[in-house]
Structures are given as C-alpha cells and as structure tokens.
Ligand code: NDP
C-alpha cells in the first residue's frame, strides 16, 4: 500500500541507531523532512548526512533528551527554524537492568528520565504549533515489557507502562485539535540494545516468542510510517504490539 504523506516535518528522538534510525530513514525516503535527535552528535549527524547524501531532507540535533532544559532549548531553536514539527516520534531509550533489591536510585531515575520524562519534555515543547495547525501525530515507542513486565527491569517496565498512559491522555487531550497519539510496543528487536544480551538469554527469549525469532527495525519503522501518514487519521490512543506474539 502506498501511504499518503503531505510535505511534513518529523522529529525522531534516538535517531542515531537502531529503531530510531530505521524510522528516520523510512520517513525521509517517503519525502518527509526529518530532524534526527540523539545524545551523541556523531550518531545523529551520520544518519542526517546519509539521508541528505541519498537525496532526502534531514538535520541533526544532538540533545540529551533526559535534560528538560536542553530539550526546551532545542524546541525553541527548532521552532525558530521551522513553523511546526508535525510528527513527533519519542523513541530514545536506555536500559539499566538490575534486580529490584539491588537497583540504585540512579538506575531508576536515569531510565525514567530518558525513556518517559523525555516524551513529556518533547511533547510539551512541540505540541502548541500542532494545535494551531490542527494536525499532528505523536508516536511513542513503548515496549512489550511495559505490557507484561520483566524481572530485572522494574525501572524500564515502569517507564514503558507510563508511556502507554501518557499516550492515552494525549490522545484524549488533543483529539479536538486533530492530533493523534499512539504507542508502538516492540518485542525483542535486533539492535545495539539487544546485542547486550548473551547467547543464553537470546535463546531463552526466542522460546517465549511465538514467532520464535527477534524482530527487525524495519518491522517497527513500517508501522511508525503508517501512523505518521494521512491514512492513520482515525487511529488514536492505541498501543500496537509488534512483538512476534509475546503479549497476546
Ligand atoms: P539503541 O540502543 O539501538 O539506540 C538508542 C538511541 O537512543 C540512540 O540513538 C541513542 O543516542 C538514543 N538515546 C539514548 N539516550 C539518550 C539521551 N539521553 N538523549 C538523546 N538520545 C538518547 O536502542 P533501540 O533502537 O533498540 O531502542 C529504541 C527504542 O525502542 C527505545 O525506547 C527502546 O526502549 C525501545 N525498545 C527496543 C526494543 C529492542 O528490542 N531493541 C524492544 C522494545 C522497546 P546515541 O546514538 O547518541 O547513543
């Protein structure tokens, strides 16, 4: 199916690698201007350069998404250059796994700040022009872990489950302005994040995935591209699992 996109501007956090990179590349290939955010200037810079080199439109914005002031500053810089950001994809995320009994305050707060508070900072910073334009798409990247929990990931599961509640509230709050908000909840996807797992952990995971394999970044990017398109205008407040059947 050929999706319909008007000339739009999208911002993708965590666009330097993995899922965010795949989303940024797909949106750019479909003609959108993509603002690529990552922590490390080299990673978002390389993705934006590669998109531009292949004829697309992209800019890099190195920002620590866990830092409220840095995000607010980036939003005002961006809105001074572009009238609006039409599509916001809150994808940046980290894991700092530990059993609850050993989890430090730092492990808890870093994961909540990077995975959940960041979505609040970016949405607050960019939603106003969307409301004026009466068009917007907010796509939050949750996780299967936010739906079913995971031992050793209380911080991550809390952040991702929080993302789902955040999304549903946005969907209700901004529906009258024609802004949709949805969550994609990936299962285990092959990226740097899951490369940290050892072979034993990987084969244990495959046993609990009905499709018996990890997903690809393209599996997530294609759904994000659909949710960002004109075609998804009547879809809001949903959590879409792309997890090989893990959370049925
Ligand atoms: P990667 O580790 O491959 O990439 C993470 C990206 O997020 C990087 O570009 C990184 O920036 C960026 N990032 C991390 N922290 C910050 C920060 N403080 N400020 C700015 N950018 C930051 O992750 P994935 O692609 O695997 O994951 C993407 C999202 O999908 C995450 O939210 C993750 O929780 C979620 N997810 C992933 C799953 C998986 O199996 N891979 C499963 C379920 C959910 P930099 O390049 O500069 O380091």
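What follows is calculated from the coordinates using simple rules that are stated; it is not laboratory data. Keep in mind that this is a model prediction, so the values were computed, not measured. Cβ atoms come from the backbone with ideal geometry, glycine included; neighbour counts cover every protein chain shown.
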Worksheet entry | Candidates 101, 148, 205, ranked by Gaussian network fluctuation over the chain, Cα under 10 Å, top entry | 101
Item to complete: Give the calculated FRET efficiency between residue 40 and residue 124 to the nearest 0.05, with a Förster radius of 25 Å applied to their Cβ-Cβ distance.
Response: 0.55
Response to the item:
From the Cα centre of region 94-148 to that of region 42-81, the distance in Å is 18
Item to complete: Compute the distance in nm between two label points, each set 7 Å from the Cα along the Cα-to-Cβ direction, one at residue 97 and one at residue 222.
Response: 2.8
Worksheet item: How high is the FRET efficiency from residue 77 to residue 106, r the C-beta distance, R0 35 Å, rounded to 0.05?
Response: 0.75
Worksheet entry | Three-way shape label, region 7-103, alpha-carbon gyration tensor, a/c 1.5 | prolate
Worksheet, complete the sentence: Computed on Cα atoms, the radius of gyration and Dmax of region 9-241 in angstrom are 16.9, 51
Discussion item. Could you identify which residue out of 151, 38, 229 has the top mean-square fluctuation in a GNM of the chain using Cα springs shorter than 10 Å?
Written reply: 151
